[in-house]
């Protein structure tokens, strides 16, 4: 007669088990991690690092492709037109510009002046 040496499965309790490391899994993990789970728990750190890394790779890979640019509506830089961060975004994040900084860095009177360059790429104007 042969006796089984198999043990009963170890039972552990988890708040969440995430299967998949694509963009969806990474985003879901990020949302769950910020939804009340104890992110300081040392047992969660390897998973958080892994899914954050996978999410970052996936999103960076996608949003640097032609399709990603189209999804973002990216049109490239527009020379001489920058009015700073839109006011609605500043308000949303509780930020504001100091008037002195705006006057120094966003000079509307100079917006149509195109910089001229020397052959060694130093600015003439």
For this session: Please work out if residue 49 is surrounded by 10 or more Cβ atoms within 10 Å (Cβ to Cβ), free of Cβ contacts under 8 Å to residues at least 24 places away in the same chain and in a helix (DSSP H, G or I).
Result: yes
For this session: Check residue 97 against each of (1) surrounded by fewer than 11 Cβ atoms within 10 Å (Cβ to Cβ); (2) at pLDDT 85 or above; (3) touching a helix residue (DSSP H, G or I) at 6+ places or on another chain (Cβ under 9 Å) and name the one condition it does not meet.
Result: (1)
Exercise. Is there a residue being closer than 30 Å to residue 13 by Cα, loosely packed, with under 10 Cβ neighbours inside 10 Å and modelled with pLDDT of 75 or more anywhere in the stretch 53-70?
Worked result: no
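The values are calculated or read from the model by the stated rules, or taken from the named source; none is laboratory data. Predicted model only: the values in this text are computed from it and were never measured. Virtual Cβ from ideal backbone geometry, glycine too; neighbours counted across all protein chains shown.
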